[in-house]
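The values are calculated or read from the model by the stated rules, or taken from the named source; none is laboratory data. Keep in mind the model is a prediction, meaning the values are calculated, not measured. Here the Cβ is made from the backbone with ideal geometry for all residues, glycine too, and neighbour counts use every protein chain on show. Remember, those area values only see protein heavy atoms, side chains included, never the ligands or the DNA or RNA. Shrake-Rupley method; radii C 1.70, N 1.55, O 1.52, S 1.80 Å.
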Amino acid sequence: MAWWLLWDGRAWFGVKEFWVATTLKSQFGLDIAKQIAQHISAVWGEFDARAFCAEVAQGYEELALMPRARRVAEVLAHYLPAAYPEALAIVLASIQVAKPEAKAQEMTGFFYLPHTCFVAQHGLAHFAESMQAQYILTQYFSAEFSIRPFIVRYPEPALALLARWASDENEHVRRLVSEGTRPRLPWGSRLAAFQRDPRPVLALLERLKDDPALYVRRSVANNLNDIGKDNPQALYATASAWLRGASAERAWIVQHALRSAIKRGEAGALAVLGVSPAAQLQLVTASIGPAQAQLGEVLRVALQLENRDNTRQKFVIDCQIHYVKANGQTRAKVFKLKTLHLAAGERVALSKSISLANMSTRQHYAGRHQVDVLVNGVAQPVGVFELRC
């Protein structure tokens with residue numbers, strides 16, 4: 001699988017971040033450093049590959065994925081020329097060594113994470129050279145992490161350059177414009193200035209909202225979703241404007257961008273989608289099973305609901321489970337069900353199967369778990385199940 005498909009399938013975009021980090025860490029072993037050393041040696045004969053690999057190995061096994069990449073980058077700087085422009089030229093030349101057909105096999109792109117870390121850690125004083133390097137590197141592996149320090153230190157020139165990149169012919173470069181400016185990028189440092197004032201980011205997203213690549217449009221939606229967590233009114237206003245005369249592709253962006261706000265039951269987000277919190281959808285029947293569940297089993301929630309309003313209405317329907325935590329308190333997690341229209345008196349049957357197995361992202365604890373149905377952001381109790389661990 002190509003790296004951009006893996007990246008586009010995680011969450012960053014929906015796949016659980018910790019699971020991905022754990023899985024990739026197990027693959028990001030010392031052999032990665034050895035391969036990088038081979039590539040560097042091929043373009044710069046003075047490189048001490050043996051010493052480089054030995055230094056990287058010190059304490060490497062205890063490190064998580066991102067610290068491993070940063071360590072490789074830091075040690076790499078010890079064995080390259082002291083002048084950053086000269087060292088960067090060697091790093092960029094080395095990425096051309098791998099055969100094109102091998103690129104998709106090298107950690108599905110994560111092989112190049114240390115290269116981007118090198119730019120972020122050592123190139124901040126060299127804006128032009130480093131931004132050009134990230135333009136090149138993002139076509140191998142996203143530079144969404146490494147570009148953020150440059151946006152913070154050089155906001156005006158960085159934004160001007162990103163505005164030009166928004167019309168670049170390469171979709172990976174265009175995606176960097178959106179992903180690199182996400183105020184709350186997972187695994188990345190937050191961009192506090194954009195959390196306070198998202199207008200510079202919104203101007204970039206405006207250029208990308210009708211991008212031909214789903215890969216880019218998904219990033220636009222995720223960025224707008226980020227913005228809504230700190231600036232909900234900006235999210236509502238942008239979503240409303242984008243829906244006017246929207247294509248199906250742009251309407252999808254809006255729907256995806258509003259997903260977190262909808263889960264939170266924000267009236268402004270629901271209003272953008274033409275949904276009324278006052279619409280009457282009545283829970284007719286419900287079943288939750290097994291009522292006495294064991295860890296590792298699958299919970300099934302089945303619902304029948306009826307529109308009790310006297311007009312056709314639009315409904316956003318979700319399922320919410322109040323998971324018991326280690327301290328005995330609970331925390332709600334929302335699972336998407338369906339968005340639909342129902343005529344007056346019309347009924348709908350919905351169901352959801354949810355794994356009760358422990359995961360890297362969710363540990364289960366014994367106790368009484370409440371289940372709700374969320375209708376247009378309003379919770380209705382469905383029932384409870386007891387989990388035994």
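What the table shows:
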item: Yes/no for PHE110 being at pLDDT below 95 and touching a Phe, Trp or Tyr at 6+ places or on another chain (Cβ under 7 Å); result: yes
item: Filter result for the condition that a residue is small (Gly, Ala, Ser), more than 26 Å from ALA93 (Cβ to Cβ) and free of Cβ contacts under 8 Å to residues at least 60 places away in the same chain, over ALA166, ALA158; result: ALA166
item: Any pair with Cβ under 9 angstrom, 6 or more apart, that starts in the range 113-132 at a residue that is closer than 24 Å to ALA163 by Cα and ends at one that is among the acidic types (Asp, Glu) and assigned to a loop (DSSP other than H, G, I, E, B); result: THR116/GLU144
item: Near pairs, Cβ below 8 angstrom, 6+ apart or cross-chain, from the range 64-76 (closer than 17 Å to CYS53 by Cβ and touching a residue at least 40 places away in the same chain (Cβ under 8 Å)) to any residue that is of a type in the set (Ser, Thr, Tyr) and open to solvent by less than 10 Å² (accessible area, probe 1.4 Å); result: ARG68/TYR60
item: Residue tally, condition surrounded by fewer than 14 Cβ atoms within 10 Å (Cβ to Cβ) and either part of a helix (DSSP H, G or I) or of a type in the set (Gly, Ala, Ser) (or both), over the range 46-56; result: 3
item: In the range 167-182, the residues that are part of a loop (DSSP other than H, G, I, E, B) and surrounded by fewer than 21 Cβ atoms within 10 Å (Cβ to Cβ); result: SER167, ASP168, GLU169, ASN170
item: The range 297-342, subset in a loop (DSSP other than H, G, I, E, B) and surrounded by 15 or more Cβ atoms within 10 Å (Cβ to Cβ), residue modelled with the lowest pLDDT; result: ASP309
item: Residue in the range 112-130 that is hydroxyl-bearing (Ser, Thr, Tyr), surrounded by fewer than 22 Cβ atoms within 10 Å (Cβ to Cβ) and in contact with a helix residue (DSSP H, G or I) (Cβ under 8 Å, 6 or more places away or on another chain) present; result: no
item: All positions within the range 169-221 that are charged (D, E, K, R), touching a Lys or Arg at 6+ places or on another chain (Cβ under 8 Å) and in contact (Cβ under 8 Å) with a residue 12 or more places away in the chain; result: ARG184, LYS209, ASP210, ASP211, ARG217
item: Residue match in the range 209-219 (condition: of a type in the set (D, E, K, R), in a loop (DSSP other than H, G, I, E, B) and open to solvent by 60 Å² or more (accessible area, probe 1.4 Å)); result: yes
item: Condition met for ALA357 (touching a residue at least 24 places away in the same chain (Cβ under 8 Å), touching a Ser or Thr at 6+ places or on another chain (Cβ under 7 Å) and surrounded by fewer than 16 Cβ atoms within 10 Å (Cβ to Cβ)); result: no
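Residues checked against (1) among the hydroxyl-bearing types (Ser, Thr, Tyr); (2) surrounded by 21 or more Cβ atoms within 10 Å (Cβ to Cβ); (3) farther than 28 Å from LEU214 by Cβ:
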site: TYR79; (1), (2), (3): yes, no, yes
site: GLN132; (1), (2), (3): no, no, no
site: PHE141; (1), (2), (3): no, yes, no
site: ARG153; (1), (2), (3): no, no, yes
